[in-house]
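**Q** Following this message is one structure expressed as structure tokens.
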Amino acid sequence: MNFRTDMSMIEQAYFQAAGDEGRVAIAEGDRQILAMGIEVSAVQAGDVAPEFLLENALGGTVSLRGRLIGGPVVLSFFRGGWCPFCRAELRAMSKAAQAVEDRGASLLAISPQPLADSIAMARAEEMTLPLLADRGMTVASDYGLAFELPESMRRAALADGMVAGDDGADWRIPMPATYVISTDGIIRYSFLDPNYRNRLDPAVLMSILDRL
């Protein structure tokens, strides 16, 4: 099964499970997110990638500058393990990690979920790519990706397992995004789509890396 087919099947199951009321809520949330224009105001290809230093679920800390010393970096922002589309994307990216490394690059994934959740997800899914904890949404904000989840989507997100911040009142999450950053710190490619159900196909990522 290829990536697009897998994502399509997950989307079909997602909408079916939502029911009529849930699908209305999703459509309203989609409309509100699109109106925010995050994909336009976020950091774009051609910009300098903001630096960061974050804890890694696999242990230790990771800095963008440190990773760029070894080659280009593929940086993926995801909402959290509670999101089925994020989990599917991360599984695909983890499987593609060796092919990315063969091209002299490395993969990093960032989310606001607690480090313990990332550790559990990495073990459950047997992921080897670094899962970095951006609990204060500082890095997502630096990249212009942070936004507050529309109220119409909150009930479904909680049912899926989302934790709304440490005090249960922080609904900020990142718009999923993927950046390809060259060793000079410049973003050479950005995948920015306000529809959280759309993700970058690893096969497309390989063709981008081949052109660096």
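The values are calculated or read from the model by the stated rules, or taken from the named source; none is laboratory data. Computed from a predicted structure; not experimentally measured. As a convention, Cβ positions derive from the backbone with ideal geometry for all residues, glycine included, and neighbour counts pool all protein chains shown.
**Q** Kindly provide the set of residues from region 98-143 that are in a helix (DSSP H, G or I) and buried (at least 18 other Cβ atoms within 10 Å of the Cβ), ordered by number.
**A** Passing the criteria: Val100, Asp117, Ser118, Met121, Ala122, Val139, Ala140.
**Q** Just one of (1) within 17 Å of the chain's Cα centre (by Cα); (2) surrounded by fewer than 17 Cβ atoms within 10 Å (Cβ to Cβ) trips up Glu55, so point out which.
**A** All conditions are met except number (2).
**Q** Further question on the same structure: Could you list, in sequence order, the residues of region 142-170 that are more than 16 Å from Pro84 (Cβ to Cβ) and at pLDDT 90 or above?
**A** Asp142, Tyr143, Gly144, Leu145, Ala146, Phe147, Glu148, Pro150, Glu151, Ser152, Arg154
**Q** Let me ask you something else. Quick one: would you say Glu89 is of a type in the set (D, E, K, R), in contact with a Lys or Arg (Cβ under 7 Å, 6 or more places away or on another chain) and at pLDDT below 90?
**A** The answer is no for Glu89.
**Q** Pairs only if they're at least six apart or on different chains, beta carbon under 9 angstrom, first in region 17-46 and loosely packed, with under 12 Cβ neighbours inside 10 Å, second aliphatic (A, V, I, L, M); list them, first residue then second.
**A** The qualifying pairs are Val40/Leu192; Gly46/Ile186; Gly46/Ile187.
**Q** In addition: Could you please tell me which pairs satisfy a Cβ distance under 8 Å, a separation of 6+ or placement on different chains, a first residue in region 62-77 that is more than 12 Å from Glu101 (Cβ to Cβ), and a second residue that is basic (Lys, Arg) and at pLDDT below 95?
**A** That search, which allows pairs on different chains as well, returns nothing.
**Q** Further question on the same structure: In region 187-212, what residues are surrounded by 16 or more Cβ atoms within 10 Å (Cβ to Cβ) and of a type in the set (Lys, Arg)?
**A** Those that are surrounded by 16 or more Cβ atoms within 10 Å (Cβ to Cβ) and of a type in the set (Lys, Arg): Arg188, Arg197, Arg199.
**Q** Which condition number in (1) among the aliphatic types (A, V, I, L, M); (2) closer than 20 Å to Ala49 by Cβ; (3) within 15 Å of the chain's Cα centre (by Cα) is the one that Met121 fails?
**A** (2)
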